[in-house]
Amino acid sequence: MYSRVTLLEIDTLRTTVDEAVALFEDEVLPDLREQDGYEGVVVLANPDGKAMLVSVWETEDDAVASAEFARGALEQFVTLFRSPPGREQYEVLLAELPSVIVG
């Protein structure tokens, strides 16, 4: 299992964190679910707009192949960010999540 971690800062002068999450849920998540190897995503944010998206993929190849989709999704909402988002990939070595997240 592999993950892509995207760190970003929402420009809270232009939109609220809740509005940005709703846009992600409505505009990006349906297409994200269609990507090969997609296993889920966790969206974390604080009231100041600092956010982290952790997407989980079945294989490293799936994570790499989905990078173009991720780039396009981020470009679609570039005006909502204070600065360009950063992305990195990691192998998931341990995952223990509460059932509210995984169930």
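The values are calculated or read from the model by the stated rules, or taken from the named source; none is laboratory data. Everything quoted here is computed from the prediction, not taken from an experiment. A quick note on method: Cβ atoms are made from the backbone with ideal geometry, for glycine too, and the neighbour counts reach across all protein chains shown. Just so you know, the surface numbers come from the protein's heavy atoms only, side chains and all, with ligands and any DNA or RNA stripped out. Shrake-Rupley method; radii C 1.70, N 1.55, O 1.52, S 1.80 Å.
Using a probe of 1.4 angstrom and keeping all protein chains present, the accessible surface of the chain works out to 66 square angstrom per residue. Pick out which of Ser66, Ser55, Ser83 has the largest mean-square fluctuation in a Gaussian network model of the chain, springs linking Cα atoms closer than 10 Å. Sorting by GNM fluctuation, first place goes to Ser83. The solvent-accessible area of Thr16, taken with every protein chain present and a 1.4 Å probe, is close to 70 Å². Ordered by 1.4 Å accessible area with all protein chains kept, Arg82, Arg33 run largest first as Arg33, Arg82.
The share of accessible area on region 30-91 that comes from carbon and sulfur is 49 percent, using a 1.4 angstrom probe. I'd like the FRET efficiency for Val92 and Thr16, computed as 1/(1 + (r/R0)^6) with the beta carbon distance as r and R0 of 25 Å, rounded to 0.05. It comes to 0.25. The largest-to-smallest principal axis extents of the Cα set in the chain are 37, 30, 22 Å. Peptide packing: for 2-8, 42-48, the average count of neighbouring Cβ atoms within 10 Å per residue gives the ranking 2-8, 42-48, highest mean first. Taking 8 Å as the Cα distance limit and 6 or more residues as the minimum spacing, I'd like the relative contact order of the chain as a percentage. Contact order relative to length: 45 percent.
Round to the nearest 10 and give me the degree value, 0 to 90, for the angle of helix 67-76's Cα axis relative to the longest principal axis of the chain. In the chain, helix 67-76 runs at an angle near 10 degrees to the longest axis.
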